[in-house]
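Notes for the one structure printed next.
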Amino acid sequence: MFKSYYQVRDWLEGFIPLVYGKEELGLARIEYLLHLLGNPQEKFKSIHVTGTSGKGSTAFYAARLLQGSQKIKVGLHLSPHLVDIRERVQIFEGEGLRIRDEGLMPMERFLRLFNEIKSIVEKIQKDKPELTPSYFEILVAASFLYFAQEKVDWAVVEVGIGGRLDATNVLAPEVSVITNIGLDHTEILGKIIEKIAFDKAGIIKKGVSVVTGASGRALQVIADVARKRQAPLITIDTQDGQLANKLLAIEAVNLVTGQRPYLQGSALTKILDQTIPGRFEEVEPGVILDGAHNPDKIRFLIRWIRNSQQLTVNSQLTLVIAFKKGKSWKKMVDLLFKKFP
């Protein structure tokens, strides 16, 4: 039985695949785990968000907009976390903004949730080892179980990788959102835009509206999938890096609430002025933290810095950067040095 956060963390890390590629993708494991948990994903309405850049921010704003000034519960599933696993599963309720430590799941509740899941996962390991879930799949199942148990009215769920075979794609959402399409996770999703777009378009469900900020060849692929699945397609111009994620979130919420606009004036401004840890976050004057990890994200970061009304960018910037092995770091460094000499 888990008695501390660190015991849960260490247990979960034992399910991180040593090798992760196309062969490791699939829905069989998550579907079986959710079945044993009583299919919690069927007990709340949802908005499903994928894309190459900005899907986490879009999901965050959609959740906050949904909650608005109404007395409803809205769950938010994000990945990855920065510091604490509990960042991946949040609930917005009432008037308060619940983020960071103040909004994390209470530790006692966290331990209770994972003790429940641990017994199910260990049963799978014993009875059907070939269906043993991965680290991410366990966390997705935990999020859905938590949302169901807490009786959220809505959940906004961010995809992990791709869409078609991502563990979150067991949802039957009210609306699907595809932010934009760029080259990332190419070793899994493919090395050309069309293949990546097709994989991300896999979250589109029959007859369910899809909102996208994609353009060009990617948009053509998404439009073709939407047409085949009889899913209404709404396109949003997301060339403005500052507004892209907010515009997509607004449109998604307008669609699911049937109100246009759902929020406006000071209520809308208050929500859209919120910042998300690690995403364009100015931790102190002139010091910005951002998790940009592909060329498209770097381009959005550059636009945001140049267009921000809240920042004063001098002629000289100091960059402290680090990249995970396998990322297109040379291209990203080149972009940064060209734009900020």
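The values are calculated or read from the model by the stated rules, or taken from the named source; none is laboratory data. All of these numbers come straight from a predicted model, not from anything done at the bench. Here the Cβ positions follow ideal geometry from the backbone for every residue, glycine too, while neighbour counts run over all protein chains shown. The protein model used for the area step is the full one, side chains on, heavy atoms only, and it has no ligands, DNA or RNA in it. Shrake-Rupley method; radii C 1.70, N 1.55, O 1.52, S 1.80 Å.
A few remarks follow.
- Pairs with Cβ under 9 Å, 6+ apart, first in region 274-300 and more than 24 Å from Trp329 (Cβ to Cβ), second in a strand (DSSP E or B) and open to solvent by less than 50 Å² (accessible area, probe 1.4 Å): Thr275/Glu281
- Hits in region 39-67 (condition: open to solvent by 10 Å² or more (accessible area, probe 1.4 Å), at pLDDT 95 or above and either touching a helix residue (DSSP H, G or I) at 6+ places or on another chain (Cβ under 8 Å) or part of a helix (DSSP H, G or I) (or both)): Gln41, Glu42, Lys43, Phe44, Lys45
- Looking across region 119-140 at every residue that is open to solvent by 40 Å² or more (accessible area, probe 1.4 Å) and under 20 Å from Tyr6 (Cβ atoms), the one that is nearest to the chain's Cα centre (by Cα) is identified as Phe136.
- Candidates Ile250, Ile222: the one that is under 22 Å from the mean Cα position of the chain (by Cα), modelled with pLDDT of 90 or more and open to solvent by 30 Å² or more (accessible area, probe 1.4 Å) is Ile250.
- Number of the condition not met by Lys205 [criteria: (1) in contact with a His (Cβ under 9 Å, 6 or more places away or on another chain); (2) of a type outside the set (Asp, Glu); (3) modelled with pLDDT of 95 or more; (4) open to solvent by less than 10 Å² (accessible area, probe 1.4 Å)]: (4)
- Scanning region 167-199 for residues that are open to solvent by less than 10 Å² (accessible area, probe 1.4 Å) and modelled with pLDDT of 85 or more gives Ala167, Thr168, Leu171, Pro173, Val175, Ser176, Val177, Ile178, Thr179, Ile196, Ala197.
- In region 279-328, the residues that are aromatic (Phe, Trp, Tyr) and at pLDDT below 80: Phe280, Phe300, Trp304
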